[in-house]
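Notes for the one structure printed next.
Read-outs: derived from the displayed coordinates by stated rules, not from any lab. Since we're looking at a predicted model, the values are computed, not measured. Glycine gets a Cβ as well: all are built from the backbone with ideal geometry, and neighbour counts include every protein chain shown.
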Amino acid sequence: MLPKDTTITTTRCMLSIPDESDFDMIFSASRYDGFNDGMQWDPPQSKDDLWIPLQNSIKSWENGMGYAFTIQSKDADPIKYGRISIRVTEEKGKWNLGYWIHPQYHGRGLMTECVEGIVNFGFNTLNAHTITANVSTWNKASEKVILNNGFMFSHHIPQGIKKNGAWVAENGFYLTKSSWEKCKEEKLIQ
């Protein structure tokens, strides 16, 4: 188990374990029409609905099954931007990541930066050999984040997640530790 005070620092952001101070940001983001369309969770009806998911995130952290991080600015009075998580899969050494950012902060490159941080954490701290991500086929911005971090397309998933009784198609992506190390070397050379 990793200590609960584990943080990941990127150029502009600090990632740390979620807590109840995130509720305003989560609730606000979920009020945007279509925000939850590509996610496995539905918009909460009230902020009280966020307690159980928070407790589940903490249990997952304690059990070493997954690590959710709140993304916030590194300012003295931080702005909360969103969430990113990395979870174990059934295959040893293979982890899966998921993320979202408040619509108010879309288009600023924050998630590309945070995915880079969580990938580094996954390979160097969690000893992952592969990290995967699934992205709704319509979510081109999220796909761009993944591709900008060196992920490669693996497969199409016609029945990715079920939302409002209908299937949302996804594309699966993966990144191996060796291809990630190669990408890092190429970035240094350029």
Coil-residue trypsin sites (Lys or Arg not before Pro) of segment 81-190, DSSP, other Cβ within 10 Å capped at 11
92
Would you please name the GluC sites (Glu not before Pro) within segment 84-131 that are DSSP coil residues with at most 15 other C-beta atoms within 10 Å of their C-beta?
90, 91
Segment 8-189, relative contact order in percent, only Cα pairs under 8 angstrom and at least six apart counted
18
May I ask for the distance between the Cα centers of segment 1-43 and segment 112-159, given as a whole number of Å?
17
With segment 73-167 reduced to its Cα atoms and the Debye formula applied, log10 I(q)/I(0) at q = 0.15 1/Å amounts to -0.67
Fewest-first sequence of 9, 137 by Cβ atoms within 10 Å of each Cβ:
9, 137
Backbone HN-Hα couplings from phi across segment 98-104 [Karplus 6.51/-1.76/1.60, Hz, Gly and Pro as x]:
x, 6, 7, 10, 4, x, 4
Dimensionless Rg over Rh [segment 1-149; C-alpha; Kirkwood]:
0.93
Give me the dipole magnitude in Debye, nearest 20, for segment 1-154 about the Cα centre, with unit charges on the beta carbon: positive for Lys and Arg, negative for Asp and Glu.
420
Of all lysine pairs in segment 8-189 that are eight or more residues apart or on different chains, those with Cα atoms under 18 Å apart total 6
Charge dipole of segment 8-189 about the Cα centre (unit charges at C-beta), most positive-ward option of 172, 27, 41
172
Within segment 82-117, list the chymotrypsin sites (Phe, Trp or Tyr not before Pro) lying in a DSSP loop whose Cβ has at most 12 other Cβ atoms in a 10 Å radius.
none
